[in-house]
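Novice: Structure below; questions to follow.
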Amino acid sequence: MSAPATAVVRRVGVRRTHLGGFFVYLRTMTLFALFWAVVSWWTDNTILLPSPLAVLHALVALAGDLELFQHAAISLGRMVVSIGLASALAVPLGLAMGLYPLFDRIVDPTIEVLRPISGIAWIPLALFIFGIGNALPVFIMTYAAFFPILLGTILGVRTVDRRLVDAARTMGVPQRTIVTRVVIPAALPSLLVALRVGVALAWTAVVAAELIGAPSGLGYAVEWYRELLMTPQVMSFIAMIGVIGYLCDAAVRWLNRRFTPWAQAPR
Amino acid sequence: MTAAAKLRLVGVGKHFNAGGKQDTVAVDDLTLDVRPGEFLVIVGPSGCGKTTVLNLLAGLDTPTHGSVAIDDRTITGPGPDRGVMFQDYALFPWQTVWGNVEFGLRYGPAGNGLDASAREARVRRTIDLVGLKGAEAKYPNQLSGGMRQRVALARLMANEPEVLLMDEPLAALDAQTRIILQDELLRIWGQDRPATERRTAVFITHAIDEAVFLADRVAVMTSHPGRLKAVIDIPLARPRGDATRALPEFQALTQHIWSLIRDEAYRATVA
Amino acid sequence: MNLDHPVARIGIGLLLPALLLCAWQAIGMAMHNPRTPLPTRIVAEAGTLIASGDLPRALLQSLGRVFAGFTVAAVIAIPLGLAMGNARSVERNVDPLVETFRPIAAIAILPLAILWLGTGTAAAVMIVAYAAFFPLVVNTVAGAKNVNPTLLQAAATMGLKRLTLIRTVVVPAALPSIGVGLRIALAVGWTAIVAAELAVGAKAGGGGSGGIGQMMFIFYAYSIELNRIIVCMIAVGLVALLLDRLLRVLMRAMTPWAQA
């Protein structure tokens, strides 16, 4: 029969595109670096556009004396604290709003009034309240991550399959256990998707907050080196912002796979 | 000839109030007894209110008229004495096969008085009974329709409810799987045992041959509004199997029930 | 009491905001400090700022930048996304670039933008364009790839050319997804412009960049007028809300078949 044959062909094909994908990635990025090198050679201005090699050099030096990692660790630490705080506030509130319609009607308008005001718009007021330091970026990031996590939790609770609750009721499972063993697991995929959005928004906010109102962190470092007109260092820290942002997203995706394996697309 | 009714519906009506307009009558003036240990199948065209009847028996819904009782106690809500198997199974997607089967024993009253090892033994036995050995660690989305159906059946049986309520559990399966699972269902229900040791079962379907094959009695319902039209005895010998399906009596009963429903359907189209 | 009655619903909804505002007003008044932000003072300041034309002017300046950056992003991202979604080779070669730069927050680019383009409008537009670019590309690609293959086959059996096929089948089918991208892009762009103007105000010594973000920063840095800062925050929120509603209405008009 042809079925096994197709299966074999498909498996070989997958491996080839997988390897090929890596080479294509390298090729694209090499072409990009070459293009960048040519433009920088042509503009011939190390402040405006240093060569890729100069940036690489700066990156290695910053990594060597650990400055790169110190600022990254500070930003990452703020991120972890903020996501923890935002989750601790938003998840219980979202559960309550999802489970009790009357509570939802009381609280929802206040949430909807605050939600369109972006975390970044709070920076001037937060500067006045907290001053420059750790509290400001943590507040801004917590605020930014709060709303997606809240909405994801509410959505998750509201869209729980009614029949799953019925199934548990017909087994005589008590109400409280239904919440912990049916509603919360059923809401988890939606919550974790929202967490991903929250993490992305918080990361955008941390850079803005540190740029303006913190004495440390990646955003601060970028701005510090800009004022010194040390562009290779500026670009190194920008790259680090991208790397940490990517790693945070990968971490949440890993959490998704680890804790909601049933909600992943079938392989 | 038999003891008092296990389940008793007296003058049951269920009206839905659709947005302030005229009432929709899902079930009208339904009186029906289900005897202890009997396999009763409710058959009827879609819209005849058969799922509503099952929800009323399960306690997931309350009647607007009449009363629904189990052992002469009025049913006021769902309870572990009546287990339900839902139409598309309602398996917990975050639980493995094992976790789904264990759910009621672990979190509900069905597991009261069972220690961890007794619970494990019961789950083990039930999983083996429905033929799911080896699939314990899989999630429902990794299983075929027939396998999911087996998990739902195992989850139902593990709680050892007095009454089994099943809402078109085989409707989503292909024809071959369906026939195999009809046989399995009767085996697991206990058709090999004496009638006094069987559980009471109420089974909903729209497939007439399925109804005749499974049932001790078939309750035929008609739609708009949902009413009981007839209750037909199925005197086919148990245990039943492929040979039963070939019997002339089987064909005759199927034809008879079809004629009842066809008349109703015909009247509905010209009314 | 019927809680589902429309009047009851609105009443319940207004309960908490009204309570919070009253508490704020009462506590603020008890502090006897003329600078303490109070709801009544905020309303008064809003009136002043609107009447003087300062607030509308700043908002319009920021909005202009957002639309400029948004347009630049859309003009590049939508055709690119369609090409990526329709041709596997384009996607494979361009995707690494998109995925490499996507995790870099737009605000992080701001120091470079200031370096290259100064503290004026051009840098702000660049930030918005950068921020809006990624959600647009990603959603356009997703929309173009998720076109029901049967539709493509149906069109192909009618002998359509590739470009005609894209114009008549792929684009309409991808439009709802592109619309989602546009909404996200506009929201992200509006956040980015406020951040960019704030940062320029904070770091570039208040050079004449203008806009609502810088206006907020000036109220903070030079006079600490909290009431006025809050007026600006509310304005930022209102504009965000209006932009979203506007785009939603627009998309509903453009893709009536995709509405529930």
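Novice: In this structure, does B:ARG193 turn out to be more than 17 Å from the chain's Cα centre (by Cα), at pLDDT 90 or above and under 29 Å from B:ASP71 (Cβ atoms)?
Specialist: No: the conditions fail for B:ARG193.
Novice: With respect to C:ALA108, is the statement that it is under 17 Å from the mean Cα position of the chain (by Cα), at negative phi, buried (at least 17 other Cβ atoms within 10 Å of the Cβ) and among the aliphatic types (A, V, I, L, M) true?
Specialist: Spelling it out, it is not the case that C:ALA108 is under 17 Å from the mean Cα position of the chain (by Cα), at negative phi, buried (at least 17 other Cβ atoms within 10 Å of the Cβ) and among the aliphatic types (A, V, I, L, M).
Novice: Output the residues belonging to the range C:242-260 that are of a type in the set (A, V, I, L, M, F, W, C) and modelled with pLDDT under 85.
Specialist: Of everything in the range C:242-260, those that are of a type in the set (A, V, I, L, M, F, W, C) and modelled with pLDDT under 85 turn out to be C:TRP257, C:ALA258, C:ALA260.
Novice: Within the group A:VAL81, A:VAL91, which residue is surrounded by 12 or more Cβ atoms within 10 Å (Cβ to Cβ) and out of contact with any Leu (no Cβ under 8 Å at 6 or more places or on another chain)?
Specialist: Details: A:VAL91 fails: out of contact with any Leu (no Cβ under 8 Å at 6 or more places or on another chain).
On inspection, the qualifying residue turns out to be A:VAL81.
Novice: Here's another thing I want to ask about it. Working only within the range B:62-104, note down all residues that are within 30 Å of A:PRO189 (Cα to Cα), touching a strand residue (DSSP E or B) at 6+ places or on another chain (Cβ under 9 Å) and buried (at least 19 other Cβ atoms within 10 Å of the Cβ).
Specialist: Across the range B:62-104, the qualifying residues are B:PRO78, B:GLY79, B:GLY83, B:VAL84, B:MET85, B:PHE86, B:ALA90, B:GLY104.
Novice: Give all pairs with beta carbons closer than 6 Å in which a residue from the range A:202-225 that is assigned to a helix (DSSP H, G or I) meets a residue that is of a type in the set (Ser, Thr, Tyr); count only pairs at least 6 apart in sequence or on separate chains.
Specialist: Sorted first by the residue in the range A:202-225, then by its partner, the pairs are A:ALA202/A:SER82; A:VAL206/A:SER75; A:GLU210/A:TYR220; A:LEU218/A:SER75.
Novice: To continue, here is another question. So which residues in the range A:187-201 are more than 14 Å from chain B (Cβ to nearest Cβ) and either among the hydrophobic types (A, V, I, L, M, F, W, C) or free of Cβ contacts under 8 Å to residues at least 12 places away in the same chain (or both)?
Specialist: A:VAL193, A:ALA194, A:LEU195, A:VAL197, A:VAL199, A:ALA200, A:LEU201, listed by residue number.
Novice: Okay, next question. Out of the residues in the range A:218-230 that are more than 9 Å from chain C (Cβ to nearest Cβ) and crowded, with 23+ Cβ neighbours inside 10 Å, state the one that is nearest to A:LEU68 (Cα to Cα).
Specialist: Result: A:ALA221.
Novice: Contact list please: Cβ distance under 7 Å, first residue in the range B:199-226 and in contact (Cβ under 8 Å) with a residue 24 or more places away in the chain, second residue crowded, with 23+ Cβ neighbours inside 10 Å and of a type in the set (Phe, Trp, Tyr), pairs at least six apart or on different chains.
Specialist: Here the result reads B:ALA201/B:PHE39; B:PHE203/B:PHE39; B:LEU214/B:PHE39; B:LEU214/B:PHE203; B:ALA215/B:PHE39; B:ASP216/B:PHE39, each pair linking the range B:199-226 to a residue that is crowded, with 23+ Cβ neighbours inside 10 Å and of a type in the set (Phe, Trp, Tyr).
Novice: Here is a further query. Condition (residue is modelled with pLDDT of 85 or more, within 13 Å of chain A (Cβ to nearest Cβ) and either in a loop (DSSP other than H, G, I, E, B) or on the phi > 0 side of the Ramachandran plot (or both)) applied to the range C:130-137: is it met by at least one residue?
Specialist: no
Novice: Taking only pairs six or more apart or across chains, which ones have beta-carbon atoms under 9 Å, a first residue in the range A:231-258 that is at the interface with chain C (Cβ under 8 Å from one of its Cβ atoms), and a second residue that is of a type in the set (Asp, Glu)?
Specialist: Correct list of pairs: A:VAL234/A:GLU223; A:TYR246/C:GLU99.
Novice: Would you mind telling me which numbered condition in (1) in a helix (DSSP H, G or I); (2) under 26 Å from A:SER87 (Cα atoms); (3) small (Gly, Ala, Ser) A:SER236 fails?
Specialist: So the condition that A:SER236 fails would be (2).
Novice: Could you check C:PRO103 against (1) assigned to a helix (DSSP H, G or I); (2) under 16 Å from C:ALA132 (Cα atoms) and say which number it fails?
Specialist: So C:PRO103 meets the others, but not (1).
Novice: Please indicate, with yes or no, whether at least one residue in the range B:171-183 is basic (Lys, Arg) and touching a helix residue (DSSP H, G or I) at 6+ places or on another chain (Cβ under 6 Å). Walk me through how you get there before you give the answer.
Specialist: Narrowing the range B:171-183 to residues basic (Lys, Arg): B:178.
Restricting the remaining residues to those that are touching a helix residue (DSSP H, G or I) at 6+ places or on another chain (Cβ under 6 Å) gives none.
So far as the range B:171-183 goes, no, none of its residues is basic (Lys, Arg) and touching a helix residue (DSSP H, G or I) at 6+ places or on another chain (Cβ under 6 Å).
Novice: Of the residues A:THR180, A:THR153, only one is among the β-branched types (Val, Ile, Thr) and closer than 30 Å to A:ILE74 by Cα; which?
Specialist: It is A:THR153.
Yes or no, residue by residue, for (1) within 13 Å of another protein chain (Cβ to nearest Cβ); (2) more than 30 Å from C:SER177 (Cβ to Cβ):
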| position | (1), (2) |
| --- | --- |
| C:ARG9 | yes, yes |
| C:GLN25 | no, yes |
| C:GLY28 | no, yes |
| C:ARG41 | no, yes |
| C:ALA87 | no, no |
| C:PRO96 | yes, no |
| C:ALA106 | yes, no |
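Novice: Regarding C:ARG65, is this residue touching a helix residue (DSSP H, G or I) at 6+ places or on another chain (Cβ under 7 Å), on the phi < 0 side of the Ramachandran plot and within 14 Å of another protein chain (Cβ to nearest Cβ)?
Specialist: Taking the combined requirement at face value, the residue does not satisfy it.
Novice: While we're looking at this one, here's another question. Please enumerate the residues belonging to the range B:94-124 that are within 8 Å of chain A (Cβ to nearest Cβ) and within 22 Å of the chain's Cα centre (by Cα).
Specialist: Within the range B:94-124, B:PHE103, B:GLY104, B:GLY108, B:PRO109, B:ALA110 meet the criteria.
Novice: For the range B:34-84, give me each residue that is farther than 11 Å from B:ARG8 by Cα and of a type in the set (Ser, Thr, Tyr).
Specialist: B:SER46, B:THR51, B:THR52, B:THR62, B:THR64, B:THR76
Novice: What helices (runs of 4 or more DSSP H) completely inside the range A:71-186 contain at least 1 residues that are away from chain B (no Cβ under 14 Å), among the hydroxyl-bearing types (Ser, Thr, Tyr) and more than 29 Å from C:GLY11 (Cβ to Cβ)?
Specialist: A:135-158
Novice: Sort out which residues of the range B:54-76 are within 11 Å of chain A (Cβ to nearest Cβ), in a loop (DSSP other than H, G, I, E, B) and on the phi < 0 side of the Ramachandran plot, and write them in order of number.
Specialist: Matches in the range B:54-76: B:LEU60, B:ASP61.
Novice: If you don't mind, there's one more thing I want to ask. Determine if the range C:209-217 includes at least one residue that is among the hydroxyl-bearing types (Ser, Thr, Tyr) and more than 7 Å from chain A (Cβ to nearest Cβ).
Specialist: Yes, the conditions are met somewhere in the range C:209-217.
Novice: May I pose another question? Here is a list: A:PHE69, A:PHE103. Which entry is more than 16 Å from the chain's Cα centre (by Cα) and over 23 Å from A:LEU247 (Cβ atoms)?
Specialist: Every option except A:PHE103 fails the conditions.
Novice: Considering only the range B:212-249, state which residues are farther than 17 Å from B:GLY190 by Cα and of a type in the set (Gly, Ala, Ser).
Specialist: Within the range B:212-249, B:ALA219, B:SER223, B:GLY226, B:ALA230, B:ALA243, B:ALA246 meet the criteria.
The values are calculated or read from the model by the stated rules, or taken from the named source; none is laboratory data. Given the structure is predicted, the values throughout are model-derived calculations rather than measurements. Note: ideal-geometry Cβ built from the backbone for every residue, glycine included; neighbour counts use all protein chains shown.
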